[in-house]
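Colleague: Before anything else, here's the structure in question.
Bear in mind these aren't lab numbers, they're just calculated from the coordinates by the rules spelled out. On a predicted model such as this, the values are computed, not experimentally measured, just so you know. Positions of Cβ are backbone-derived with ideal geometry, glycine not excepted, and every protein chain shown enters the neighbour counts.
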Amino acid sequence: MYYSKSFEKSKYFSEEIFYPGRRRFLRYNVNMPFVEAVPNVSEGKNPAVLRALEELLRAAPDMRFLGADANPAANRTVFTLAGEPDAVTRTLFDFIALSCRLIDMRTQHGAHPRLGAVDVCPLVPLEGISLEECARLARELGRRVGTELGVPVYLYEAAACAPQRKNLAFIRKGEYESLNEKLRTLPPDFGPHTLTETAAKSGACVIGARNILIAFNINLNTQDPAPAKIIAAKIRGSSGGLQGVKAIGWYMENFARAQVSCNITDFRTAPLHAVYEACRKEAAALGLKATGCELVGLVPLEALLTAGRHYAPRETRESALISSAVRGLHLEEVKPFDPREQILEYKAGFQKSVF
């Protein structure tokens, strides 16, 4: 666990406990406001840059650094932190400032769509705070980033100031290469409306508030991205597929296979196993196989327990259900899956599901 000593001794935790294997956790006081942030940076290759960003998060007071998931082929890293709302937003401002100093979008390339150095930065309510309050915090953070750093900022999801801007894909269409025109035709909510030297280097930052999202990729037994794009179009909600699923297809060089890359915005409407099985069905129709899955970042405990019950309906033990989910979804096909490191509640110190 990575957390500041001041946070460990703060009002947010009442006592320390131990799980089997002598792993240390802190018991979270559930009546305190607790917010998660998941900044995605357009850098997944440079260890020095990623180390500097991680060190900033580890040292920040009144919050916890929960992890970083880097993908060199996507050239993207997903950072996760959580804690006291004002402390999280203060830390995010420093994080965005450092990212924009260290990452130059004029030379950045990767498989993942992106608009800026900190491409997207959502705030997620966990305990004792509403989505509306997270949206207020996101707007204030966006104002600071635009005004003080000179970075163009677009607000999205619950923080959006216009209905069409709720959708990240709408804002990010054309990616960084379209930014010069975008600043004129789709002016940012904060920051410059022209491509200044600062904006050219940093790109734009999309900041908002949303509920929990699961980044879930399904692997195919091919290196051709075309079938992955076909399957993505079939299963995404906007195409009449699974509601609560956004999907694209791509080739991941570091895994040597194509993937259907999904953002699950409602894991109850679209459970992990349902998304995987839908991809398996569509892959079979193309003469291919969906061979396994990858989870990026943290996943809610409930999502894995639901998948575990699907693959082992007679099982009731939490640990066994998690193991059944890992086996059923083949979550370790391209990289290891450690429940202690990738289940949100385990990593953050919660003693129960928070969803």
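Colleague: What does the charge add up to near His330, with Lys and Arg as +1, Asp and Glu as -1, over the other residues with Cβ less than 13 Å from its Cβ? Intermediate values should be presented prior to the final figure.
Modeller: Details: positive: Arg257, Arg280, Lys289, Arg327, Lys335; negative: Glu277, Glu294, Glu332, Glu333.
That sum, taken over residues with Cβ under 13 Å, equals +1.
Colleague: Given the Cα atoms of segment 2-209, and with Rh set as the inverse mean 1/r over their pairs in the Kirkwood sense, what is Rg to Rh to two decimals?
Modeller: Working: Rg = 17.3 Å, Rh = 17.4 Å.
Here the Rg-to-Rh quotient is 0.99.
Colleague: While we're on this one: When only Cα pairs under 8 Å and 6 or more residues apart are kept, what is the percent relative contact order across the chain?
Modeller: On the way: 780 pairs, mean separation 50.6, N = 355.
After rounding, I find 14 percent.
Colleague: OK, next. Of Ile103, Val153, Gln164, which is farthest along the charge dipole of segment 2-209 in the positive direction, counting Lys and Arg as +1 and Asp and Glu as -1 at C-beta?
Modeller: Comparing the listed Cα positions along the dipole, Ile103 ranks first.
Colleague: Need one number: nm distance between label points at Thr107 and Glu132, each 7 Å from Cα along Cα→Cβ, rounded to one decimal.
Modeller: Label at Thr107, label at Glu132, 4.8 nm between them.
Colleague: FRET efficiency for Thr269 and Asp224, Cβ-Cβ distance as r, R0 = 25 Å, nearest 0.05? Walk me through the numbers before you get to the answer.
Modeller: Values: r = 30 Å, r/R0 = 1.21.
For Thr269 and Asp224, the calculated efficiency is 0.25.
Colleague: If you place +1 on the Cβ of every Lys and Arg, -1 on the Cβ of every Asp and Glu, and leave all else neutral, what size is the dipole of segment 138-270 about its Cα centre, to the nearest 20 Debye?
Modeller: Working: 17 positive and 11 negative charges, 76 e Å.
Dipole about the Cα centre, nearest 20: 360 debye.
Colleague: Next question, about the same structure. Expressed in nm², what is the orientationally averaged projection area of the convex hull enclosing the Cα positions of segment 189-247? Working shown, then result.
Modeller: Numbers: hull surface 27.3 nm².
If you wrap the Cα atoms of segment 189-247 in a convex hull and average its projections, you get 6.8 nm².
Colleague: While we're on this one: Report Rg(Cα)/(2.2 N^0.38 Å) for segment 113-256, keeping two decimals. Could you put the intermediate results ahead of the total?
Modeller: Values: Rg = 16.7 Å, N = 144, 2.2 N^0.38 = 14.5 Å.
In units of the globular-protein estimate, segment 113-256 measures up at 1.15.
Colleague: Could I ask something else about it? Looking at the chain, what % of its DSSP beta bridges pair antiparallel, to the nearest 5? List each step's numbers first, then the result.
Modeller: On the way: 49 of 59 bridges.
Restricted to the chain, the bridges split so that about 85 percent are antiparallel.
Colleague: Can I ask one more? Please name which of Leu141, Gly116, Leu186 has its Cα lying farthest along the dipole of segment 2-209 towards the positive end, using unit charges on Cβ (Lys, Arg +1; Asp, Glu -1) and the Cα centre as origin.
Modeller: Gly116
Colleague: With labels modelled as points extended 7 Å from the Cα through the Cβ direction, what inter-label distance (nm, one decimal) is found for Glu140 paired with Asp86?
Modeller: Rounded to a tenth, the inter-label distance reads 0.7 nm.
Colleague: About the Cα centre of segment 214-348, what is the dipole size in debye to 20, counting +1 per Lys and Arg Cβ and -1 per Asp and Glu Cβ, all else neutral? Don't jump to the answer; show the numbers that get you there.
Modeller: Details: 16 positive and 14 negative charges, 65 e Å.
The dipole of segment 214-348 has a size of about 320 debye.
Colleague: Something else about it: Calculated from DSSP H runs of 4 or more alone, at -39500 (n - 2.57) each and per residue, what is the 222 nm mean residue ellipticity of the chain, nearest 500?
Modeller: Details: 13 runs with 129 residues, N = 355.
That calculation yields -10500 deg cm²/dmol at 222 nm.
Colleague: Output needed for segment 200-355: three equivalent-ellipsoid semi-axes, defined as square roots of 5 times the C-alpha gyration tensor eigenvalues, in descending order, whole Å. Please report the intermediate quantities before stating the final value.
Modeller: Numbers: eigenvalues 118, 84, 46 Å².
Equivalent ellipsoid semi-axes, largest first: 24, 20, 15 Å.
Colleague: Calculate the spin-label point distance for Thr198 paired with Glu341, positioning each point 7 Å from the Cα along the beta-carbon direction, and give it in nanometres.
Modeller: Computed distance between label sites Glu341 and Thr198 equals 3.7 nm.
Colleague: Sticking with this structure for a sec: Mean Kyte-Doolittle of at least 0.5 and a Cα length of 24 Å or more along the axis: which whole DSSP H helices of the chain meet both?
Modeller: Details: long enough: 85-102 (25 Å, 0.67); 131-149 (26 Å, -0.42).
Helices meeting the criterion: 85-102.
Colleague: Say the dipole of the chain comes from +1 at the beta carbon of Lys and Arg and -1 at that of Asp and Glu; which of Pro339, Gly308, Leu286 then lies farthest toward its positive end?
Modeller: It is Leu286, whose Cα lies furthest towards the positive end.
Colleague: Take every DSSP beta bridge with both residues inside segment 2-209 and express the antiparallel ones as a percent of the total, to the nearest 5. The partial results should precede the final answer.
Modeller: Details: 29 of 38 bridges.
Antiparallel bridges: around 75 percent, rounded to the nearest 5.
Colleague: Dipole of segment 2-209, Cα-centred, from +1 at each Lys and Arg C-beta and -1 at each Asp and Glu C-beta, to the nearest 20 debye? Don't skip to the answer; put the middle values down first.
Modeller: On the way: 27 positive and 25 negative charges, 51 e Å.
With only Lys, Arg, Asp and Glu charged at Cβ, the dipole is about 240 debye.
Colleague: Which residue fluctuates most in the GNM of the chain (Cα springs below 10 Å): Pro125, Pro85, Pro47?
Modeller: Fluctuation is largest for Pro47.
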